[in-house]
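The values are calculated or read from the model by the stated rules, or taken from the named source; none is laboratory data. Please read these numbers as outputs of a predicted model, since none were measured by experiment. Note: ideal-geometry Cβ built from the backbone for every residue, glycine included; neighbour counts use all protein chains shown. Side chains included, ligands, DNA and RNA excluded: accessible areas come from the protein's heavy atoms. Shrake-Rupley method; radii C 1.70, N 1.55, O 1.52, S 1.80 Å.
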Amino acid sequence: MAAYLIGNIRVKDEALWQRYVAGVRESLAPHAAEVVFRGGLNTELAGEQPYPLAVVIRFADQAALQRWFQSDAYQALIPLRERAAEVIIASYDALT
């Protein structure tokens, strides 16, 4: 069953962030992952969303998502991510 990574993002350094995004794109290729959505907040309809950007990435299953997240390629990007932005990352299983 498909698994989804959802990231909520507040960029601190745009140039570093673009380097990170490029690295993530490259790191996803061997894992057959698909970026479903990348976008900016338009309107808060209920509650408060302190992170103005979001990303949704689909993986074949939770094991594939975890393999990518633990991969050397992605782990090497974490220090860059931490300098570039505040990010909350969570994984979700599709219910249907």
Practice problem: Please go through the stretch 29-49 and pick out each residue that is out of contact with any strand residue (DSSP E or B) (no Cβ under 6 Å at 6 or more places or on another chain), open to solvent by less than 90 Å² (accessible area, probe 1.4 Å) and closer than 23 Å to Gln70 by Cα. | Solution: Ala29, His31, Ala32
Quiz prompt | Among (1) under 15 Å from Asp93 (Cα atoms); (2) open to solvent by 70 Å² or more (accessible area, probe 1.4 Å); (3) part of a helix (DSSP H, G or I) - the single one Arg58 does not satisfy | solution = (3)
Quiz item: Counting just the residues of the stretch 1-23 that are farther than 15 Å from Arg67 by Cα and in contact with a Lys or Arg (Cβ under 7 Å, 6 or more places away or on another chain), which one comes out most open to solvent (accessible area, probe 1.4 Å)?
Solution: Asp13
Practice problem: Read through the list (1) within 22 Å of Met1 (Cα to Cα); (2) open to solvent by 60 Å² or more (accessible area, probe 1.4 Å); (3) in contact (Cβ under 8 Å) with a residue 40 or more places away in the chain; (4) charged (D, E, K, R), then give the number of the only condition that Glu26 fails. | Solution: (1)
Quiz item: Counting only residues that are under 15 Å from His31 (Cβ atoms), outside any strand (DSSP E or B) and either open to solvent by 70 Å² or more (accessible area, probe 1.4 Å) or touching a strand residue (DSSP E or B) at 6+ places or on another chain (Cβ under 7 Å) (or both), how many does the stretch 77-96 have?
Solution: 0
